[in-house]
Amino acid sequence: MDLLYTTVRKGHANTFSFTETQHNFEFLCNTSSCNVLAFTTTNELTEPSPIQGWGFHIYVVDLNAPWFPYRVTSNKYPISVLQWDVLGRYLLVGDRNGHVQIFVQKDNLLSEWKSVYSVKFPGENIIAAAFFHNGRKLNLQTDKKDQYLYLEKFQKVKFAASVRQFGGVPVEGVLIVSATGMLGAFVIPPESNANIQKLSEPIKLVPVTESLAVTRNYYTTADICYGKNGYFRVAVGNGDSKSANSNMIQCFRVAVKQREETLEINSTALPSFFLAEGMGKDLKELRVAHVQWVFSEDADSLIVASNHTGGGCFVEQWELTEESTPIHKLFQSNKNEPFKTLLWVSKSQYMYTSKVIKICTTKLNFLSSSFIYLAMSDNSIHCLQRDTLKRLTCTNIVSIRDPNDHSSKQIKLGLKIGAIDVTHLGHLFVTLDTFGQLYVYRCNFMCQDQLGTPALIVQTVNLLEYCLVTGLDSLDILLTLKTQILENVLERLTENFHRQPPNVQQYYYVNFLTMKIALYRLSISGQQKAHDLSNLLILHSILIAFKSLLRPSDLTSHDKGPAENLAMVLSESVPDVDKVLLNVEAKEFTMERPTLQSLQQLIQWVADLALNILAKLPESRSFMSNKSQGYDISKDIIALNSIRELLVMIRIWGLLNPQCLPVFSRSADNLDILGTLFRLLTKLSLNPNEPDDLLLDECCLLPNQVLIPQLQYVPSRTMIASPLLPHVTLPVMCDYGVENESLKFCPEVPIVEGGLSNDNVIDSVMYLQLGRRPPSLRRCTRCGSCSSVVSVAKTAAMKAWEQRWIDKCRCNGFWRLEVA
């Protein structure tokens, strides 16, 4: 484990300690599948002093920009449960007074949150909660990890949804466990995101309750996991020294079913066990501190952490096994088969001299290495191997503080570990201290001497492809990826993708482009390739949007639509665009004039891209001897033909409404720029790798005929996944509210000869100029792109285009509000 970065409160040179006030407060942190961390703290992170703003606060932060925390809410009672759903859309918050709330992003901004659902269990202390499983589970087949086909490598596991309605459709909802042994469940209404955003107040839901056991008991710790048949398994323990069952771990099988308009909860007791039955039977005065299922989808393995009253801890791993039990022959139904029963058996143990505070485990059970992490009262963090509980590494959060920061030495006595968690793919480990400060570690799953070996490349590509197929965020893989193998990973990832069936390639094409862009942005030399791929992604989106507007004139023709007919005509490589128009049906491209007018900025972008590709062609081909690996949009036949298709559509639409045509600053009014672009692109598409000299000469004259506009470049971006990360000293010391200047990367913007440089901020969605300093905008936390907060779409076509990027940026990053 290597400390990647820390995020601390700026200038918190205050000796005030929260040891006493935090005695009854439990710190929590939870990482979503989108690598957004939600955590609790007792002070506002924006205040200069920990004394100010004291309360029970919940913040979220993108692990790629940890210096910008965003407050979700401030609660009246201590927070006891913090849980994300599988998609990272809902954030569940439960407190010690029985109030459960579900929060979502307000206006799809990571910096703004609102409560949309509210449920009350009066007087109940919520100690565990879990969202209903949707029944979708995809695993990487370890015996087929060298296969290139996604359908063979990733297989769907038979897993039932927790609650199903009519037709087997999974139901969204939540199951909770309280400290008094009460079960509660409620259904989340299937509302669309647009309807949720319109809510002014949270919807109050009606829950269903049931007793966990036959009689209600007091519990101090609980954990919930999913069974493959659709049921839940709940493990509970009581660490109260005054209780007679303080050393007993109880397990229950909970089934939740929907009956017409309400839910029904059934709880059945399963085999339980006492700590005295395990390896710690000789230890006295042990009290259960935490119970944790090894995996959330594995109901046969349990971790129990106990603390000694005099100090020290004892951690055991228990497994549910089937064993033969001898019984009298009179009670045997089948004398040839022994009687079998389920028993909990202690498999491994771990002891330490300090008490355990928190425990967490890796979340995917197919990883090559699965770990268990323990946070101790002496501020040490222990990483254990899952099966043997053998300690692999140990670190301490106090020892890594900046030795030159003399102001922080006064508060070391009050600083303690508050909570820990690990990302979904297990590559980043997060620690939260009692002052709300973050410590993020990189977890190395393979030895350093295996760096650059095929095994490491195969493992990295498999995990990236798993993210590509499932939609999980790959940020933690990017932050642990070694730059020495980046090119090999990109090459293998691209090769595997192009070997997939055409339908699979089409389905995952956008995810594939997004992932390649993120990988190229990790290196300084890959910025131009990332820019070309980003242009390809925008081009692909515009082509799909424009094709969706076309309607066939003859409804009886079901074989080919207008887009297919156009592609077939362009396959003949006719260089004259006007001759192409003679071979297409103009009626199939007819649209309303207001719709065409609203598409002008997207049409302008296509024309600008074509101009930039042709203007840069002579320069890029002048260095043919130094062939660089990677993507080049001028060599992509699919991209060139896509531009040709769009130019034909633009030509036809210009005849219907000239105001939708792109605007050019040309040297002579009689120059047909669209016709010239189509002719040159047609010649280039015939041989993009080695264009002839006549084509290069015509491209050299192009900047003298028309002014080449500068395509949009992100001026600068500051993030953890920066190309400068391998060149800075670790750990990166960050402050809340202040971007780290050592990670600020300013890409070199290539200026085309005769080009136009523009300092205005350009909307990355609508491609409109917002001015040099717009009063407010939304900025992506991953790539730094900007977009207007206010919608300017007037027609249905542009509203549909705007909805494509309403939730996230095209790089799959989150939007945050930025005010000048």
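The values are calculated or read from the model by the stated rules, or taken from the named source; none is laboratory data. Just so you know, these numbers come straight off a predicted model, no measurement behind them. With ideal geometry, Cβ positions are generated from the backbone for all residues, glycine too; neighbour counts draw on all protein chains shown. To get the accessible areas, we keep the full protein, side chains included, count just its heavy atoms, and leave off ligands, DNA and RNA. Shrake-Rupley method; radii C 1.70, N 1.55, O 1.52, S 1.80 Å.
Charged neighbours of Gly436, selected by a Cβ distance under 10 Å, balance to -1 (K, R count +1; D, E count -1).
Take the Cα of Ile203, go 7 Å toward its beta carbon, and the backbone nitrogen atoms of segment 154-181 under 19 Å from that spot belong to 163-166, 169-176. Using the average count of surrounding beta-carbon atoms within 10 Å as a protection proxy, the listed peptides 118-128, 61-71, 142-152 rank, highest first, as 61-71, 118-128, 142-152. Available extension along the chain between Arg551 and Asn334 is 71.0 nm, counting 0.36 nm per residue and deducting the alpha carbon span.
Other residues within the sphere of radius under 10 Å centred on the Cβ of Leu63, judged by their own Cβ, net out at -3 (K and R +1, D and E -1).
Think of the chain as having a plus end and a minus end, set by charges on the Cβ of Lys, Arg, Asp and Glu; of Ala128, Cys443, Gly239, Gly239 sits farthest toward the positive end of this dipole. Note on segment 64-207: lysine pairs with Cα distance below 28 Å, sequence gap of 8 or more or different chains, count 23.
Taking label points 7 Å from Cα along the Cα-to-Cβ direction, Ile327 and Gln349 give a separation of 3.2 nm.
Can you give the % of DSSP beta bridges in the chain that are antiparallel, to the nearest 5? Given both bridge residues lie in the chain, the antiparallel proportion sits at roughly 95 percent. Counting only alpha carbon atoms, the long axis of helix 527-548 and the longest principal axis of the chain meet at about 80°. Projecting the Cα atoms of Cys809, Ile176, Val72 onto the charge dipole of the chain, computed from C-beta unit charges around the Cα centre, puts Ile176 farthest toward the positive end. Angle, helix 509-520 long axis vs. longest principal axis of the chain, Cα atoms, 0 to 90°, nearest 10? Orientation of helix 509-520: about 80 degrees from the principal axis. Would you please classify the overall shape of segment 132-242 from the alpha carbon gyration tensor, given that a ≥ b ≥ c denote the square roots of the eigenvalues, rounded means a/c under 1.5, and beyond that prolate means a/b larger than b/c while oblate covers the rest? Oblate. Would you mind checking segment 273-298 for residues with the amide N under 13 Å from a putative spin-label position 7 Å along Cα→C-beta of Ala213? So the set is 273-274. A Cβ-based charge dipole, computed about the Cα centre of the chain with Lys and Arg at +1 and Asp and Glu at -1, lands at about 1540 debye. In the context of the full protein assembly, Cys700 retains an accessible surface of approximately 70 Å², using a probe radius of 1.4 Å and ignoring ligands and nucleic acids. Projecting label points 7 angstrom from Cα along Cα→Cβ for Ser791 and Lys158 puts them 4.5 nm apart.
Its Cα gyration tensor gives segment 240-344 an equivalent ellipsoid; the semi-axes, largest first and in whole Å, are 29, 24, 13. On full extension, the segment bounded by Met568 and Lys242 gains 109.3 nm, given 0.36 nm per residue less the C-alpha separation.
Relative to the longest principal axis of the Cα atoms of the chain, the long axis of helix 673-686 makes an angle of roughly 70 degrees. For the pair Ala800 and Leu151, a Förster radius of 25 Å applied to the C-beta separation gives a FRET efficiency near 0.20, rounded to the nearest 0.05.
Peptides 662-670, 480-488, 292-300, ordered by how many other C-beta atoms sit within 10 Å of their residues on average, highest first, read 292-300, 480-488, 662-670. Under the simplified labelling scheme, the Val663-Lys76 pair shows an inter-label distance of 5.7 nm, with each label point 7 Å from Cα along Cα→Cβ. With R₀ set to 35 Å, the beta-carbon distance separating Tyr509 from Asn139 gives a calculated FRET efficiency near 0.90.
Listed by chain and number, the lysines whose C-alpha is less than 22 Å from the C-alpha of Lys284, apart from same-chain residues fewer than 8 away, are Lys242, Lys347, Lys355, Lys358.
If R0 is 60 Å, the Cβ-Cβ spacing of Leu655 and Glu191 corresponds to a FRET efficiency of close to 0.85. Here the extension length gained between Ile637 and Asn488 equals 51.3 nm, from 0.36 nm per residue of separation less the Cα-Cα distance.
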